[in-house]
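The values are calculated or read from the model by the stated rules, or taken from the named source; none is laboratory data. Worth saying up front: this structure is predicted, and the values here are computed from it rather than measured. FYI the Cβ positions are ideal-geometry reconstructions off the backbone, even for glycines, and counts take in every protein chain you see. Calculation scope for accessible area: heavy atoms of the full protein, side chains included, ligands and nucleic acids excluded. Shrake-Rupley method; radii C 1.70, N 1.55, O 1.52, S 1.80 Å.
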Amino acid sequence: MLQARRVRSRQRCLPVVVLGRLLLLVPAFLPAPTRAAAAAAPAVRIFEAPPACCFGVPAGLVRGVATGVDPDSAVVALYAATDLQYVQPIEGSRLGLDAAGRFESLTHGGSDYAALLVRPDFVPPPTLVALPEVGGPVLAVTRASTDIRHIQFAGCNWGVKAAPVPLGPGGNSWSDSPANVWVDPAGALHLRVARRDSIWECAEVWTDERIDFGRCRFRVASSLGSLDINVVFAGFLFADTGAEADIEWGRFGVAAAENLHFAVQPDRSMSAPAAVDAPTVQDLTWWPDTMDFAVRDAANVPVAAWRAPGPAPAAPWMRLRFNLWLAGGVPPADGAAVEVVVSGVEFATPAASAESAPPQLSLVVANPALQGRLVIRTAASDRAQGTIDVFDVRGRRVGRAWNGPVDRASITWPPRTMSQLAAGVYLVRLNARTETIARKVVVSPLAR
(Lines give C-alpha, C1' and ligand atoms only; values in the text may rest on other atoms or scores of the structure.)
Protein backbone atom coordinates (compact mmCIF):
# COMPACT_ATOMS: atom_id res chain seq x y z
CA MET A 1 0.00 0.00 0.00
CA LEU A 2 2.81 2.37 0.85
CA GLN A 3 4.60 1.60 -2.38
CA ALA A 4 1.53 2.28 -4.52
CA ARG A 5 0.90 5.57 -2.74
CA ARG A 6 4.52 6.59 -3.23
CA VAL A 7 4.50 5.93 -6.98
CA ARG A 8 1.36 7.97 -7.47
CA SER A 9 2.79 10.87 -5.51
CA ARG A 10 5.79 11.12 -7.83
CA GLN A 11 3.97 11.07 -11.17
CA ARG A 12 4.64 14.26 -13.05
CA CYS A 13 3.61 13.30 -16.56
CA LEU A 14 2.09 15.95 -18.77
CA PRO A 15 -0.82 14.40 -20.68
CA VAL A 16 -0.69 15.44 -24.32
CA VAL A 17 -3.63 15.32 -26.74
CA VAL A 18 -3.15 16.17 -30.40
CA LEU A 19 -6.21 17.44 -32.24
CA GLY A 20 -5.29 18.33 -35.80
CA ARG A 21 -2.68 21.08 -35.50
CA LEU A 22 -3.64 22.04 -31.95
CA LEU A 23 -1.65 20.51 -29.12
CA LEU A 24 -3.60 20.63 -25.87
CA LEU A 25 -1.39 20.49 -22.79
CA VAL A 26 -3.30 19.41 -19.73
CA PRO A 27 -1.62 20.30 -16.40
CA ALA A 28 -1.29 17.34 -14.04
CA PHE A 29 -1.14 19.22 -10.76
CA LEU A 30 -2.31 18.33 -7.30
CA PRO A 31 -5.58 19.79 -5.96
CA ALA A 32 -5.38 23.55 -5.53
CA PRO A 33 -7.24 26.18 -3.50
CA THR A 34 -10.60 27.53 -4.62
CA ARG A 35 -10.39 30.13 -7.39
CA ALA A 36 -10.40 33.68 -6.16
CA ALA A 37 -9.31 36.96 -7.67
CA ALA A 38 -6.39 38.49 -5.81
CA ALA A 39 -6.11 42.15 -4.97
CA ALA A 40 -2.44 42.42 -6.01
CA ALA A 41 -1.40 43.66 -9.45
CA PRO A 42 -1.28 40.97 -12.16
CA ALA A 43 2.10 39.22 -12.35
CA VAL A 44 3.58 36.13 -13.97
CA ARG A 45 6.67 34.13 -13.03
CA ILE A 46 8.53 31.25 -14.67
CA PHE A 47 9.92 28.86 -12.06
CA GLU A 48 11.26 26.14 -14.35
CA ALA A 49 12.52 26.19 -17.94
CA PRO A 50 15.10 24.45 -20.14
CA PRO A 51 18.53 26.02 -20.50
CA ALA A 52 19.44 27.93 -23.62
CA CYS A 53 19.81 25.12 -26.13
CA CYS A 54 18.81 23.18 -29.20
CA PHE A 55 17.11 25.87 -31.31
CA GLY A 56 14.09 24.58 -33.17
CA VAL A 57 13.81 21.15 -31.52
CA PRO A 58 11.88 20.11 -28.40
CA ALA A 59 13.81 21.25 -25.32
CA GLY A 60 11.61 20.57 -22.29
CA LEU A 61 8.97 22.08 -20.05
CA VAL A 62 8.31 25.65 -19.05
CA ARG A 63 6.36 25.89 -15.79
CA GLY A 64 5.16 28.98 -14.00
CA VAL A 65 2.44 30.77 -12.08
CA ALA A 66 0.28 33.87 -12.51
CA THR A 67 -0.86 35.92 -9.52
CA GLY A 68 -3.08 38.93 -8.97
CA VAL A 69 -5.63 37.76 -11.52
CA ASP A 70 -8.67 35.47 -11.64
CA PRO A 71 -7.44 32.29 -13.40
CA ASP A 72 -10.62 32.29 -15.50
CA SER A 73 -9.92 35.76 -16.87
CA ALA A 74 -6.38 35.32 -18.23
CA VAL A 75 -4.19 32.95 -20.25
CA VAL A 76 -0.47 32.74 -20.96
CA ALA A 77 1.31 33.08 -24.29
CA LEU A 78 4.73 31.44 -24.24
CA TYR A 79 7.65 32.42 -26.50
CA ALA A 80 11.12 31.02 -27.21
CA ALA A 81 13.81 33.40 -28.45
CA THR A 82 16.07 32.60 -31.42
CA ASP A 83 16.47 35.15 -34.22
CA LEU A 84 12.92 36.26 -33.28
CA GLN A 85 10.49 35.39 -30.49
CA TYR A 86 8.47 32.32 -31.59
CA VAL A 87 5.19 31.35 -29.92
CA GLN A 88 5.22 27.93 -28.21
CA PRO A 89 4.55 25.08 -28.47
CA ILE A 90 2.69 25.60 -31.78
CA GLU A 91 1.29 28.56 -33.63
CA GLY A 92 -1.81 30.00 -31.95
CA SER A 93 -1.15 28.34 -28.58
CA ARG A 94 -2.50 29.91 -25.39
CA LEU A 95 -2.07 28.20 -22.04
CA GLY A 96 -4.87 28.08 -19.49
CA LEU A 97 -4.30 28.55 -15.76
CA ASP A 98 -5.32 26.06 -13.11
CA ALA A 99 -7.14 27.13 -9.95
CA ALA A 100 -3.90 28.34 -8.33
CA GLY A 101 -2.77 30.19 -11.45
CA ARG A 102 -0.24 27.56 -12.56
CA PHE A 103 0.63 26.73 -16.16
CA GLU A 104 3.05 24.47 -17.99
CA SER A 105 3.92 23.71 -21.59
CA LEU A 106 6.44 21.95 -23.76
CA THR A 107 8.72 24.31 -25.66
CA HIS A 108 11.30 24.24 -28.40
CA GLY A 109 14.80 25.39 -27.62
CA GLY A 110 15.85 29.02 -27.53
CA SER A 111 18.28 31.45 -25.98
CA ASP A 112 15.58 32.46 -23.47
CA TYR A 113 11.89 31.88 -22.75
CA ALA A 114 9.18 34.43 -22.02
CA ALA A 115 5.64 34.28 -20.67
CA LEU A 116 2.99 36.90 -21.43
CA LEU A 117 -0.02 37.02 -19.11
CA VAL A 118 -2.84 38.17 -21.39
CA ARG A 119 -6.60 38.46 -21.68
CA PRO A 120 -8.35 35.37 -23.11
CA ASP A 121 -9.21 37.16 -26.37
CA PHE A 122 -5.54 37.96 -27.07
CA VAL A 123 -4.29 36.24 -30.23
CA PRO A 124 -0.53 35.64 -29.85
CA PRO A 125 1.42 36.60 -32.99
CA PRO A 126 3.43 33.67 -34.41
CA THR A 127 6.60 35.76 -34.09
CA LEU A 128 7.65 38.93 -32.27
CA VAL A 129 10.66 41.13 -32.89
CA ALA A 130 10.50 42.23 -29.24
CA LEU A 131 8.31 41.38 -26.28
CA PRO A 132 5.39 43.79 -25.77
CA GLU A 133 5.07 46.29 -22.96
CA VAL A 134 2.40 45.83 -20.31
CA GLY A 135 -0.85 47.49 -21.30
CA GLY A 136 -4.19 46.74 -22.95
CA PRO A 137 -4.62 42.95 -23.24
CA VAL A 138 -1.08 42.32 -21.96
CA LEU A 139 -1.27 42.13 -18.16
CA ALA A 140 2.31 41.07 -17.31
CA VAL A 141 5.52 39.90 -18.98
CA THR A 142 8.46 37.89 -17.63
CA ARG A 143 11.56 36.02 -18.83
CA ALA A 144 13.02 32.76 -17.55
CA SER A 145 16.53 34.27 -17.46
CA THR A 146 15.45 36.78 -14.81
CA ASP A 147 13.17 34.42 -12.85
CA ILE A 148 15.27 31.26 -12.35
CA ARG A 149 18.23 31.19 -9.98
CA HIS A 150 21.23 29.09 -11.06
CA ILE A 151 24.13 27.65 -9.08
CA GLN A 152 27.42 25.92 -9.95
CA PHE A 153 27.96 22.48 -8.46
CA ALA A 154 30.12 19.51 -9.49
CA GLY A 155 31.21 21.29 -12.66
CA CYS A 156 27.66 21.78 -13.91
CA ASN A 157 25.04 24.52 -14.05
CA TRP A 158 21.97 23.74 -11.94
CA GLY A 159 18.58 25.43 -11.94
CA VAL A 160 16.87 25.97 -8.58
CA LYS A 161 13.15 25.39 -8.20
CA ALA A 162 10.98 28.16 -6.77
CA ALA A 163 7.20 27.93 -6.57
CA PRO A 164 5.08 30.19 -4.37
CA VAL A 165 2.04 27.91 -4.79
CA PRO A 166 1.65 24.21 -3.92
CA LEU A 167 3.45 22.00 -6.45
CA GLY A 168 4.42 18.36 -6.67
CA PRO A 169 5.86 16.25 -5.39
CA GLY A 170 3.86 16.41 -2.19
CA GLY A 171 1.96 19.62 -2.89
CA ASN A 172 4.77 21.65 -1.34
CA SER A 173 6.05 25.20 -1.58
CA TRP A 174 9.57 25.45 -3.04
CA SER A 175 12.20 28.08 -2.33
CA ASP A 176 15.26 29.15 -4.32
CA SER A 177 16.56 31.14 -1.35
CA PRO A 178 20.24 30.66 -0.39
CA ALA A 179 18.82 29.60 2.98
CA ASN A 180 17.31 26.53 1.28
CA VAL A 181 19.82 25.79 -1.50
CA TRP A 182 23.52 26.68 -1.46
CA VAL A 183 27.00 25.42 -2.30
CA ASP A 184 29.54 25.70 0.52
CA PRO A 185 33.22 26.75 0.15
CA ALA A 186 34.23 23.08 -0.08
CA GLY A 187 31.97 22.65 -3.13
CA ALA A 188 29.21 20.56 -1.48
CA LEU A 189 25.53 21.12 -2.27
CA HIS A 190 23.16 21.77 0.65
CA LEU A 191 19.38 21.24 0.39
CA ARG A 192 17.21 22.36 3.30
CA VAL A 193 13.56 22.03 4.27
CA ALA A 194 12.67 24.81 6.70
CA ARG A 195 9.76 26.90 7.86
CA ARG A 196 9.59 30.55 6.89
CA ASP A 197 6.82 32.38 8.73
CA SER A 198 3.99 29.79 8.66
CA ILE A 199 5.04 27.98 5.45
CA TRP A 200 7.38 25.01 5.14
CA GLU A 201 9.58 25.40 2.06
CA CYS A 202 11.33 22.56 0.22
CA ALA A 203 14.31 22.43 -2.14
CA GLU A 204 15.01 21.02 -5.62
CA VAL A 205 17.73 21.49 -8.24
CA TRP A 206 18.29 20.12 -11.76
CA THR A 207 21.15 20.06 -14.23
CA ASP A 208 20.98 22.32 -17.25
CA GLU A 209 23.06 19.69 -19.06
CA ARG A 210 21.30 16.72 -20.57
CA ILE A 211 22.35 13.31 -19.28
CA ASP A 212 23.21 10.60 -21.78
CA PHE A 213 23.41 6.83 -21.28
CA GLY A 214 25.88 5.91 -18.56
CA ARG A 215 26.29 6.18 -14.81
CA CYS A 216 25.39 9.06 -12.52
CA ARG A 217 27.17 8.60 -9.20
CA PHE A 218 26.42 10.95 -6.32
CA ARG A 219 27.87 11.00 -2.84
CA VAL A 220 25.66 12.02 0.06
CA ALA A 221 27.47 13.15 3.20
CA SER A 222 24.32 13.21 5.35
CA SER A 223 22.82 10.25 7.21
CA LEU A 224 19.77 9.27 5.17
CA GLY A 225 18.81 6.22 7.20
CA SER A 226 17.55 8.42 10.02
CA LEU A 227 15.59 11.02 8.05
CA ASP A 228 12.44 12.32 9.73
CA ILE A 229 9.48 10.08 8.81
CA ASN A 230 7.81 12.90 6.84
CA VAL A 231 10.90 13.97 4.86
CA VAL A 232 11.94 12.52 1.48
CA PHE A 233 15.28 12.89 -0.29
CA ALA A 234 15.72 11.78 -3.89
CA GLY A 235 18.37 11.74 -6.56
CA PHE A 236 16.75 10.98 -9.89
CA LEU A 237 16.91 11.19 -13.65
CA PHE A 238 13.92 12.93 -15.17
CA ALA A 239 12.78 13.76 -18.70
CA ASP A 240 10.01 16.19 -19.54
CA THR A 241 8.28 13.37 -21.43
CA GLY A 242 7.58 11.87 -17.99
CA ALA A 243 10.38 9.27 -18.09
CA GLU A 244 11.95 8.99 -14.64
CA ALA A 245 14.28 6.80 -12.59
CA ASP A 246 14.63 7.42 -8.83
CA ILE A 247 16.70 6.59 -5.82
CA GLU A 248 14.48 7.83 -3.03
CA TRP A 249 14.84 7.84 0.74
CA GLY A 250 11.78 8.26 2.95
CA ARG A 251 9.17 6.55 5.10
CA PHE A 252 6.24 8.67 3.87
CA GLY A 253 4.85 9.20 7.36
CA VAL A 254 4.97 5.54 8.47
CA ALA A 255 7.70 4.88 11.04
CA ALA A 256 7.86 1.13 10.37
CA ALA A 257 7.97 1.46 6.58
CA GLU A 258 10.93 0.59 4.34
CA ASN A 259 12.95 3.70 3.68
CA LEU A 260 14.99 3.06 0.50
CA HIS A 261 13.17 2.95 -2.82
CA PHE A 262 14.32 2.35 -6.39
CA ALA A 263 11.83 3.12 -9.16
CA VAL A 264 11.38 3.45 -12.88
CA GLN A 265 8.23 5.55 -13.01
CA PRO A 266 5.36 5.11 -13.14
CA ASP A 267 4.96 1.43 -12.30
CA ARG A 268 8.20 -0.44 -11.52
CA SER A 269 9.79 -0.16 -8.10
CA MET A 270 11.60 -1.98 -5.33
CA SER A 271 11.78 -0.99 -1.66
CA ALA A 272 14.09 -2.17 1.12
CA PRO A 273 14.98 -1.24 4.69
CA ALA A 274 18.29 0.59 4.90
CA ALA A 275 19.60 1.32 8.39
CA VAL A 276 22.83 2.85 7.08
CA ASP A 277 23.57 6.18 8.71
CA ALA A 278 27.04 6.66 7.28
CA PRO A 279 27.67 8.69 4.13
CA THR A 280 26.54 6.85 1.01
CA VAL A 281 27.59 6.41 -2.61
CA GLN A 282 24.60 6.05 -4.93
CA ASP A 283 24.55 4.99 -8.59
CA LEU A 284 21.92 5.43 -11.29
CA THR A 285 23.14 3.62 -14.43
CA TRP A 286 21.08 4.17 -17.57
CA TRP A 287 21.69 1.48 -20.17
CA PRO A 288 19.98 1.56 -23.59
CA ASP A 289 17.59 -1.20 -22.52
CA THR A 290 17.55 -1.30 -18.73
CA MET A 291 18.25 0.67 -15.55
CA ASP A 292 20.58 -0.31 -12.68
CA PHE A 293 20.41 1.08 -9.14
CA ALA A 294 22.98 0.67 -6.37
CA VAL A 295 23.76 2.13 -2.94
CA ARG A 296 26.98 1.55 -1.00
CA ASP A 297 28.18 2.88 2.33
CA ALA A 298 31.35 4.88 2.88
CA ALA A 299 33.39 1.66 3.16
CA ASN A 300 32.07 0.56 -0.26
CA VAL A 301 29.92 -2.16 1.34
CA PRO A 302 26.72 -2.77 -0.70
CA VAL A 303 23.54 -1.56 0.97
CA ALA A 304 21.09 -2.43 -1.80
CA ALA A 305 21.03 -2.94 -5.59
CA TRP A 306 18.39 -3.57 -8.25
CA ARG A 307 18.14 -4.01 -12.00
CA ALA A 308 14.71 -2.83 -13.12
CA PRO A 309 12.71 -5.40 -15.11
CA GLY A 310 11.46 -4.31 -18.49
CA PRO A 311 12.75 -1.52 -20.71
CA ALA A 312 14.78 1.53 -19.74
CA PRO A 313 13.03 4.90 -19.47
CA ALA A 314 11.96 5.95 -22.98
CA ALA A 315 13.60 9.34 -23.47
CA PRO A 316 16.20 10.79 -25.84
CA TRP A 317 17.90 12.31 -22.76
CA MET A 318 17.22 13.10 -19.12
CA ARG A 319 18.46 15.54 -16.48
CA LEU A 320 19.76 14.75 -13.01
CA ARG A 321 17.76 16.22 -10.14
CA PHE A 322 17.96 16.28 -6.37
CA ASN A 323 15.10 17.23 -4.11
CA LEU A 324 14.27 17.33 -0.42
CA TRP A 325 10.57 17.53 0.34
CA LEU A 326 7.70 16.73 2.68
CA ALA A 327 5.50 13.70 2.00
CA GLY A 328 1.97 15.00 1.54
CA GLY A 329 3.18 18.44 2.64
CA VAL A 330 3.23 17.26 6.27
CA PRO A 331 5.89 19.07 8.37
CA PRO A 332 8.72 17.13 10.05
CA ALA A 333 7.46 15.19 13.05
CA ASP A 334 9.78 17.00 15.44
CA GLY A 335 9.11 20.42 13.88
CA ALA A 336 12.81 20.97 13.11
CA ALA A 337 14.39 21.98 9.81
CA VAL A 338 16.08 19.17 7.83
CA GLU A 339 19.25 19.47 5.74
CA VAL A 340 20.92 17.03 3.33
CA VAL A 341 24.42 17.53 1.91
CA VAL A 342 25.44 16.11 -1.48
CA SER A 343 29.23 16.18 -1.52
CA GLY A 344 29.80 15.29 -5.16
CA VAL A 345 28.50 14.02 -8.51
CA GLU A 346 30.35 12.03 -11.17
CA PHE A 347 29.26 11.04 -14.66
CA ALA A 348 30.64 8.05 -16.58
CA THR A 349 30.02 6.69 -20.07
CA PRO A 350 28.55 3.17 -20.42
CA ALA A 351 31.98 1.67 -21.14
CA ALA A 352 33.32 3.03 -17.85
CA SER A 353 30.18 2.24 -15.84
CA ALA A 354 30.65 -1.50 -15.48
CA GLU A 355 32.77 -4.39 -16.68
CA SER A 356 30.25 -5.25 -19.39
CA ALA A 357 27.23 -3.48 -20.78
CA PRO A 358 23.98 -5.19 -21.67
CA PRO A 359 24.37 -6.27 -25.32
CA GLN A 360 21.04 -4.91 -26.55
CA LEU A 361 20.48 -2.53 -29.43
CA SER A 362 18.31 0.48 -28.63
CA LEU A 363 16.25 3.02 -30.61
CA VAL A 364 14.58 6.00 -28.91
CA VAL A 365 12.41 8.51 -30.78
CA ALA A 366 10.89 11.57 -29.09
CA ASN A 367 7.11 11.25 -29.42
CA PRO A 368 5.27 13.35 -30.39
CA ALA A 369 7.62 15.21 -32.75
CA LEU A 370 6.42 18.76 -32.23
CA GLN A 371 8.00 20.58 -35.14
CA GLY A 372 7.97 18.31 -38.14
CA ARG A 373 11.44 17.01 -37.26
CA LEU A 374 12.32 13.73 -35.57
CA VAL A 375 14.71 13.52 -32.61
CA ILE A 376 16.29 10.06 -32.71
CA ARG A 377 18.88 8.33 -30.53
CA THR A 378 20.46 4.91 -30.81
CA ALA A 379 22.75 2.91 -28.57
CA ALA A 380 24.58 -0.40 -28.81
CA SER A 381 27.32 -2.21 -26.93
CA ASP A 382 29.64 -2.19 -29.96
CA ARG A 383 30.39 -0.11 -33.04
CA ALA A 384 27.75 -1.81 -35.14
CA GLN A 385 26.89 -0.15 -38.44
CA GLY A 386 23.24 0.47 -39.20
CA THR A 387 20.64 2.43 -41.11
CA ILE A 388 17.57 4.35 -39.96
CA ASP A 389 14.73 4.80 -42.42
CA VAL A 390 11.47 6.73 -42.05
CA PHE A 391 8.20 5.48 -43.55
CA ASP A 392 4.78 7.08 -43.83
CA VAL A 393 1.53 5.44 -42.74
CA ARG A 394 1.18 3.74 -46.13
CA GLY A 395 4.55 2.08 -45.83
CA ARG A 396 6.32 4.33 -48.34
CA ARG A 397 9.87 5.28 -47.44
CA VAL A 398 10.10 9.02 -46.83
CA GLY A 399 13.87 9.09 -46.45
CA ARG A 400 16.99 7.75 -44.79
CA ALA A 401 17.79 9.49 -41.52
CA TRP A 402 21.08 7.70 -40.76
CA ASN A 403 23.72 5.43 -42.23
CA GLY A 404 26.66 4.77 -39.92
CA PRO A 405 27.66 3.54 -36.45
CA VAL A 406 24.71 3.16 -34.07
CA ASP A 407 26.51 2.79 -30.74
CA ARG A 408 25.76 6.42 -29.74
CA ALA A 409 24.03 8.14 -32.66
CA SER A 410 21.98 11.31 -32.03
CA ILE A 411 20.02 12.59 -35.02
CA THR A 412 17.57 15.36 -35.82
CA TRP A 413 15.83 14.61 -39.13
CA PRO A 414 15.05 16.10 -41.56
CA PRO A 415 17.96 18.55 -41.11
CA ARG A 416 17.10 22.23 -41.16
CA THR A 417 18.26 22.43 -44.78
CA MET A 418 15.25 20.27 -45.71
CA SER A 419 11.52 20.83 -45.38
CA GLN A 420 9.67 19.69 -42.26
CA LEU A 421 7.69 16.47 -42.28
CA ALA A 422 3.97 16.86 -42.83
CA ALA A 423 1.73 16.16 -39.85
CA GLY A 424 0.85 12.51 -39.50
CA VAL A 425 1.97 9.11 -38.24
CA TYR A 426 5.37 7.73 -39.25
CA LEU A 427 7.42 4.61 -38.62
CA VAL A 428 11.12 4.91 -37.78
CA ARG A 429 13.02 1.69 -38.48
CA LEU A 430 16.56 0.83 -37.38
CA ASN A 431 18.45 -2.03 -39.07
CA ALA A 432 21.77 -3.11 -37.52
CA ARG A 433 23.62 -6.40 -37.27
CA THR A 434 20.78 -8.84 -37.97
CA GLU A 435 18.27 -6.91 -35.84
CA THR A 436 15.40 -4.59 -36.75
CA ILE A 437 13.71 -2.18 -34.32
CA ALA A 438 10.77 0.05 -35.26
CA ARG A 439 9.10 2.93 -33.43
CA LYS A 440 5.87 4.72 -34.31
CA VAL A 441 5.83 8.51 -33.93
CA VAL A 442 3.20 11.23 -34.35
CA VAL A 443 4.45 14.38 -36.10
CA SER A 444 2.83 17.73 -35.41
CA PRO A 445 4.67 20.50 -37.33
CA LEU A 446 5.26 24.02 -36.06
CA ALA A 447 5.98 27.22 -37.85
CA ARG A 448 9.39 27.29 -36.20
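P169 - would you say it is outside any helix (DSSP H, G or I), in contact (Cβ under 8 Å) with a residue 24 or more places away in the chain and open to solvent by 20 Å² or more (accessible area, probe 1.4 Å)? Taking the combined requirement at face value, the residue does not satisfy it.
Restricting attention to region 384-429, the residues that are assigned to a loop (DSSP other than H, G, I, E, B), at pLDDT 85 or above and loosely packed, with under 14 Cβ neighbours inside 10 Å total 2. Restricting region 264-289 to residues that are of a type in the set (V, I, T) and out of contact with any Lys or Arg (no Cβ under 6 Å at 6 or more places or on another chain), the residue that is farthest from I247 (Cα to Cα) is V276.
In summary, W286 fulfils each of the numbered conditions (1) out of contact with any Gly (no Cβ under 7 Å at 6 or more places or on another chain); (2) open to solvent by less than 50 Å² (accessible area, probe 1.4 Å); (3) closer than 26 Å to D382 by Cα; (4) among the hydrophobic types (A, V, I, L, M, F, W, C) with the single exception of condition (1).
Go through region 67-123 residue by residue and tally those that are small (G, A, S) and in a loop (DSSP other than H, G, I, E, B).
Initially, region 67-123 is screened for residues small (G, A, S), giving 68, 73-74, 77, 80-81, 92-93, 96, 99-101, 105, 109-111, 114-115.
Narrowing further to those that are in a loop (DSSP other than H, G, I, E, B): 68, 74, 92-93, 96, 99-101, 110-111.
Result for region 67-123: 10.
Residue pairs whose Cβ atoms lie under 6 Å apart, separated by 6 or more positions or on different chains, with the first residue in region 119-131 and β-branched (V, I, T) and the second assigned to a loop (DSSP other than H, G, I, E, B), are T127/L84.
With A275, A255, A245, A263 as the choices, which residue is out of contact with any Pro (no Cβ under 9 Å at 6 or more places or on another chain) and either modelled with pLDDT of 95 or more or assigned to a strand (DSSP E or B) (or both)? Write out each step before concluding.
Working: A275 fails: either modelled with pLDDT of 95 or more or assigned to a strand (DSSP E or B) (or both); A255 fails: either modelled with pLDDT of 95 or more or assigned to a strand (DSSP E or B) (or both); A245 fails: out of contact with any Pro (no Cβ under 9 Å at 6 or more places or on another chain).
On inspection, the qualifying residue turns out to be A263.
Here is a yes/no grid of residues against (1) assigned to a loop (DSSP other than H, G, I, E, B); (2) at pLDDT below 95:
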{"position": "A305", "(1), (2)": "no, yes"}
{"position": "P309", "(1), (2)": "yes, yes"}
{"position": "P316", "(1), (2)": "yes, yes"}
{"position": "P331", "(1), (2)": "yes, no"}
{"position": "V340", "(1), (2)": "no, no"}
{"position": "A351", "(1), (2)": "no, yes"}
{"position": "E355", "(1), (2)": "yes, yes"}
{"position": "L363", "(1), (2)": "no, yes"}
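If you go through region 199-216 and pick out every residue that is crowded, with 22+ Cβ neighbours inside 10 Å and among the charged types (D, E, K, R), you end up with 2. Residues in region 99-123 that are more than 15 Å from D147 (Cβ to Cβ), open to solvent by less than 30 Å² (accessible area, probe 1.4 Å) and at pLDDT 95 or above: V118 alone.
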